Amino acid sequence: MTALRPAPVTRDTNASKKPSERRGSRTRRFLWLIRAWMIVLPVDAIMLLMPLLWAPDEYVAIISMTALSLFLIVDRGRYHARLHVSVLDELPSLVASLLTAAAIVATGIALLPEGPMVTAFMKNAAIAIVLVVIGRIITSQLIIFSRRRRYSHHRTVVIGGGQTAAELIRILKQHQRYGLSVVGFVDDKDAAASMVSERLGNISDLDSVVTRYRVDVLLVADSAVPERTLVEEVRAPASSTCDLLVVPRMHQFRTVSGGSDHIGSIPIMRIGNPRLSGPAITVKRVFDILVSGTALILVSPILAVCALAVRIDGGPGVIFRQPRVGRNGELFDCLKLRSMRPATSAESATNWSIATDNRVSKVGRFLRRTSLDELPQLWNILRGDMSLVGPRPERPHFVEQFSDKYDRYAYRHRVKVGLTGLAQVSGLRGDTSIADRARYDNYYIENWSLWLDVKIIIRTFFEVVFARGR
């Protein structure tokens with residue numbers, strides 16, 4: 001098995017694909033979104049805002065509850081489309097989020113000296129919750145209808161050919177409501193599944209099968225292939241873009257809980273599906289714009305003083321621009337306050353550490369120790385090159401090296417790079433383990449929540465205040 005080596009430094013990672021394939025992939029993903037959370041989320045919002053029709057004077061409380069409710073639902077990952085669509089399955093978590101939002105707003109109202117009556121607000125909140133449940137019933141039926149009419153289907157390859165795989169294929173062919181259209185299965189030998197579907201190749205052929213059949217979902221059933229080999233195949237470039245569903249081992253003997261889905265009576269776990277996708281990306285982007293825009297205004301005096309100090313210390317050229325690798329391997333100009341005398345472009349792009357470089361000025365050393373040299377990156381965030389929190393941006397020269405050498409390093413570029421990150425607040429900055437950084441970065445991507453971003457920002461603030469890590 002050759003090492004994973006995507007092309008992270010090209011400006012278009014899809015350049016090798018035919019235009020029709022790229023358009024087809026984008027269209028399928030757009031239809032997936034528009035028939036899942038892009039239907040459910042707006043309907044939830046409309047239902048939550050309905051009390052404005054008869055209680056317009058309470059608009060602040062009602063809008064606050066709406067915003068907080070949607071935030072809690074998104075943060076808990078409840079806008080990801082399930083295989084088994086059921087309002088009853090989602091009801092406990094949904095109602096808990098809505099009640100939490102209502103309780104927070106009601107507490108705020110109670111603390112106001114001349115605010116609206118809490119009792120009146122809670123009545124409207126209760127009506128809104130009922131309306132949201134009714135809206136969920138309607139949207140659930142719309143999703144099921146679109147699946148049965150094959151408007152919203154995802155091309156699926158089953159990994160494994162045993163009895164469990166055969167049963168899954170049989171159920172999915174009989175019941176369109178799951179939204180999975182089985183193309184075939186892959187396994188190293190013909191087995192029970194060959195009676196109900198076509199064997200497309202061996203496990204080692206998985207990546208080429210995904211490309212050839214434009215597969216959206218991989219469903220791991222009961223392959224006899226060693227787990228390490230299977231993991232390597234699923235991590236291959238084309239396969240890693242698919243949603244990964246797994247039948248838990250020994251599921252016949254134990255109850256599977258913790259948010260599992262199911263096909264028929266067979267439990268299904270969603271694995272390696274980053275939480276930082278779909279509506280979460282929109283939420284994160286709005287958060288980035290609000291915080292970076294506000295921060296730029298607040299720190300502008302500090303930025304001006306730092307820029308003046310750099311100008312006096314080192315002459316013209318206050319801002320340093322350097323190409324860095326961003327999301328999906330796209331290059332952008334990363335901005336910093338200049339902290340050292342200019343180097344050649346080749347030297348600047350390939351020198352790993354400048355901590356002991358004698359060209360770093362006294363002002364520059366202070367800026368680097370306090371991370372004030374990175375304040376201009378707030379502009380990178382505002383214009384969309386970066387995010388507040390994410391994997392730190394690296395130079396193309398080192399991305400090429402590290403992608404070859406370190407497992408899953410290239411997967412860091414699934415999201416926008418950040419001003420700070422989980423790896424950095426965990427002590428991994430400067431000359432520290434690249435492998436550990438990649439593990440922390442990928443953990444962040446796959447376990448993202450808005451609260452995790454807030455925690456990292458708070459920890460970064462204390463790192464900067466106490467000038468630790470430099």
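The values are calculated or read from the model by the stated rules, or taken from the named source; none is laboratory data. As the structure is a prediction and not an experimental result, all values here were calculated from the model. Counting neighbours? That spans all protein chains shown, and the Cβs are built from the backbone with ideal geometry, glycine included.
Overview of values
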quantity: Criterion (modelled with pLDDT of 80 or more, of a type in the set (A, V, I, L, M) and not in a helix (DSSP H, G or I)) met by exactly one of Leu367, Leu378, Leu388; calculated: Leu388
quantity: In the stretch 402-444, the residues that are surrounded by fewer than 16 Cβ atoms within 10 Å (Cβ to Cβ) and out of contact with any helix residue (DSSP H, G or I) (no Cβ under 8 Å at 6 or more places or on another chain); calculated: Asp404, Gly427, Gly430, Asp431, Thr432, Ser433, Ala435
quantity: All positions within the stretch 267-303 that are part of a helix (DSSP H, G or I), modelled with pLDDT under 85 and touching a Ser or Thr at 6+ places or on another chain (Cβ under 9 Å); calculated: Ala280
quantity: Sole residue being assigned to a loop (DSSP other than H, G, I, E, B) and closer than 24 Å to Ala410 by Cα, chosen from Val231, Val225, Val209, Val215; calculated: Val215
quantity: Hits in the stretch 180-206 (condition: outside any strand (DSSP E or B), of a type outside the set (D, E, K, R) and in contact with a helix residue (DSSP H, G or I) (Cβ under 8 Å, 6 or more places away or on another chain)); calculated: Ala191, Ala192, Ala193, Met195, Val196, Ser197, Ile203, Ser204, Leu206
quantity: Verdict on Ile159 being assigned by TED's automatic domain parsing to the domain that holds Val85 and within 28 Å of the chain's Cα centre (by Cα); calculated: no
quantity: Scope the stretch 359-372; condition in contact (Cβ under 8 Å) with a residue 40 or more places away in the chain and either closer than 13 Å to Ala307 by Cα or among the basic types (Lys, Arg) (or both); matching residues; calculated: Lys362, Val363, Gly364, Leu367, Arg368, Arg369, Leu372
quantity: Lys173 being of a type in the set (Lys, Arg) and either modelled with pLDDT under 85 or surrounded by 16 or more Cβ atoms within 10 Å (Cβ to Cβ) (or both); calculated: no
quantity: Positions within the stretch 319-330 being buried (at least 17 other Cβ atoms within 10 Å of the Cβ) and touching a strand residue (DSSP E or B) at 6+ places or on another chain (Cβ under 8 Å), in sequence order; calculated: Phe320, Pro323, Arg324, Val325, Gly326
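Results for (1) at pLDDT 85 or above; (2) charged (D, E, K, R); (3) surrounded by fewer than 19 Cβ atoms within 10 Å (Cβ to Cβ), shown as yes or no for each residue.
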position: Arg35; (1), (2), (3): no, yes, no
position: Met38; (1), (2), (3): no, no, yes
position: Leu48; (1), (2), (3): yes, no, no
position: Trp54; (1), (2), (3): yes, no, yes
position: Val60; (1), (2), (3): yes, no, yes
position: Met65; (1), (2), (3): yes, no, no
position: Phe71; (1), (2), (3): no, no, yes
position: Asp75; (1), (2), (3): no, yes, yes
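Rundown of residues vs (1) buried (at least 22 other Cβ atoms within 10 Å of the Cβ); (2) in contact with a Gly (Cβ under 8 Å, 6 or more places away or on another chain); (3) farther than 22 Å from Leu244 by Cα, yes/no style:
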residue	(1), (2), (3)
Val133	no, no, yes
Ser140	no, no, yes
His154	no, yes, no
Gln163	no, no, no
